[in-house]
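**Student:** This is the structure I have questions about; it appears just below.
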Amino acid sequence: MLVKVLGAAAGGAFPQWNCACRQCQRLRLGTFAGQPRTQAQIAISQDSVSWTLLNASPDLRIQIEATPQLWPGGSSLHSPIQSVVITAAEADTVAGLLSLREFQPLDIYATPSVLRILREDNSLFALLDRVPKQAVWKEIRPGAEFTVRQLRFNPFSLPGGFPGFVRPDRKAELDADEAVLGMFIESPSGGRMAYLPGVANVEDSWREWLDECDVLLFDGTFWTEDELCRVRGGGKPASAMGHLPLSGPCGSISALRGLKRPRKIFFHINNTNPILDESSAAFAEVRDAGWEVARDGMEIEI
Ligand SMILES: [Zn+2]
């Protein structure tokens, strides 16, 4: 299978429009030793003809235009993008669905709880239902394997909860296990990828199956627990946002040090994270620990 990283940043992108942190400012001024990044977005294909998106980022339109494999072919309306698998109802993971209107047929996979948030509470998404069989909404559940365009998806529940915009009375009706999904994806030839952009904690039981993967796309949001507070003077700790920091004795670099098989890639990187700066000690530490830092346009063959 072929995996394209269309966007490698966390929500807000790099630089973030309203962020004047040192990294965002240096990037704008052209004095930063690293690249800009759009918001987290993956496209995946078994045959390089039909593509499945993992989530739909707010930057999706420009990400598609930056990726020739995703340009329309033929002479009229067409798209190689045929399916979207949604792993949470956050603005960062669903806003791009609105860029996929224009009467394009699309299979959209999400948990029943996420589908209720999108289709019953947010009438704007009815833009995708303007003609029969435009969007075909398909229910997925943690623990229940499903196949999209020859690729097998195994979704599993991650802690994280529903987005803050969901009303408390609605939240009470939804299944918390359906709020945030991780994905284990397998190709017909046995290539395996784990997609874990938001991880609060590495469970002991994960190490065995993670070591059976060829590629690991893992939560690279924050370097330290207090990063937002330290860099911006405010904001929640990493753990309160459902993200395990990379550094320190309890961080993800340390927790996953024993993995032997997978190509390990940090993905979903916040603009405050020093691993974006290729001249930083943090970047050197990540590289020395055998990790890569995802960047827009990265192509991974599994
Ligand atoms: Zn910033």
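The values are calculated or read from the model by the stated rules, or taken from the named source; none is laboratory data. Since we're looking at a predicted model, the values are computed, not measured. Cβ placement follows ideal geometry from the backbone for every residue including glycine, while neighbour counts extend to all protein chains displayed.
**Student:** So which of Leu27, Leu60 ends up being within 16 Å of the ligand (Cβ to nearest atom) and either in contact with a Gly (Cβ under 8 Å, 6 or more places away or on another chain) or among the hydroxyl-bearing types (Ser, Thr, Tyr) (or both)?
**Tutor:** On the way: Leu60 fails: within 16 Å of the ligand (Cβ to nearest atom).
The unique qualifying residue is Leu27.
Residue by residue, here is whether (1) farther than 26 Å from Leu54 by Cα; (2) free of Cβ contacts under 8 Å to residues at least 40 places away in the same chain; (3) of a type in the set (Asp, Glu); (4) surrounded by fewer than 17 Cβ atoms within 10 Å (Cβ to Cβ) holds:
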| position | (1), (2), (3), (4) |
| --- | --- |
| Pro237 | yes, yes, no, yes |
| Pro249 | yes, yes, no, yes |
| Ala255 | no, no, no, no |
| Pro262 | no, no, no, no |
| Asp277 | yes, no, yes, no |
| Ala284 | yes, yes, no, yes |
| Asp296 | no, no, yes, no |
| Glu301 | no, no, yes, yes |
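**Student:** For the subset of the range 30-41 comprising residues that are buried (at least 19 other Cβ atoms within 10 Å of the Cβ) and within 13 Å of the ligand (Cβ to nearest atom), which member is farthest from Val94 (Cα to Cα)?
**Tutor:** So the first thing to find is which residues in the range 30-41 are buried (at least 19 other Cβ atoms within 10 Å of the Cβ), and the list is 32, 34, 37-41.
Checking the rest, the ones that are also within 13 Å of the ligand (Cβ to nearest atom) come to 32, 34, 37.
Details: Phe32: 30, Gly34: 28, Arg37: 18 Å.
Checked the range 30-41; the qualifying residue farthest from Val94 (Cα to Cα) is Phe32.
**Student:** Here is a follow-up. For Ser83, state whether it is surrounded by 15 or more Cβ atoms within 10 Å (Cβ to Cβ), hydroxyl-bearing (Ser, Thr, Tyr), under 19 Å from the mean Cα position of the chain (by Cα) and farther than 25 Å from Ser189 by Cβ. Before the answer, list the steps.
**Tutor:** Details: surrounded by 15 or more Cβ atoms within 10 Å (Cβ to Cβ): yes; hydroxyl-bearing (Ser, Thr, Tyr): yes; under 19 Å from the mean Cα position of the chain (by Cα): yes; farther than 25 Å from Ser189 by Cβ: no.
In short, no.
Residue-by-condition table, conditions (1) away from the ligand (no atom under 16 Å from the Cβ); (2) at pLDDT below 95; (3) within 20 Å of Ala33 (Cα to Cα):
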{"position": "Pro197", "(1), (2), (3)": "yes, yes, no"}
{"position": "Arg232", "(1), (2), (3)": "no, yes, no"}
{"position": "Ser252", "(1), (2), (3)": "yes, no, no"}
{"position": "Ala282", "(1), (2), (3)": "no, no, yes"}
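**Student:** Looking at the range 35-56 only, could you name the residues that are under 27 Å from Phe283 (Cα atoms), in contact with a Lys or Arg (Cβ under 9 Å, 6 or more places away or on another chain) and of a type in the set (Gly, Ala, Ser)?
**Tutor:** Ala43
**Student:** Which residues, counting only those in the range 254-280, are under 25 Å from Glu186 (Cβ atoms) and within 16 Å of the ligand (Cβ to nearest atom)?
**Tutor:** Across the range 254-280, the qualifying residue is only His268.
**Student:** Taking only pairs six or more apart or across chains, which ones have beta-carbon atoms under 7 Å, a first residue in the range 20-43 that is of a type in the set (S, T, N, Q), and a second residue that is away from the ligand (no atom under 11 Å from the Cβ) and assigned to a helix (DSSP H, G or I)?
**Tutor:** So the pair list comes out as Thr38/Ile62; Thr38/Gln63; Gln39/Asp92; Gln41/Leu60; Gln41/Gln63.
**Student:** Take the conditions loosely packed, with under 14 Cβ neighbours inside 10 Å, among the charged types (D, E, K, R) and either within 16 Å of the ligand (Cβ to nearest atom) or free of Cβ contacts under 8 Å to residues at least 24 places away in the same chain (or both) and apply them to Glu65. Does it pass? Give the derivation first.
**Tutor:** Numbers: loosely packed, with under 14 Cβ neighbours inside 10 Å: yes; among the charged types (D, E, K, R): yes; either within 16 Å of the ligand (Cβ to nearest atom) or free of Cβ contacts under 8 Å to residues at least 24 places away in the same chain (or both): yes.
In short, yes.
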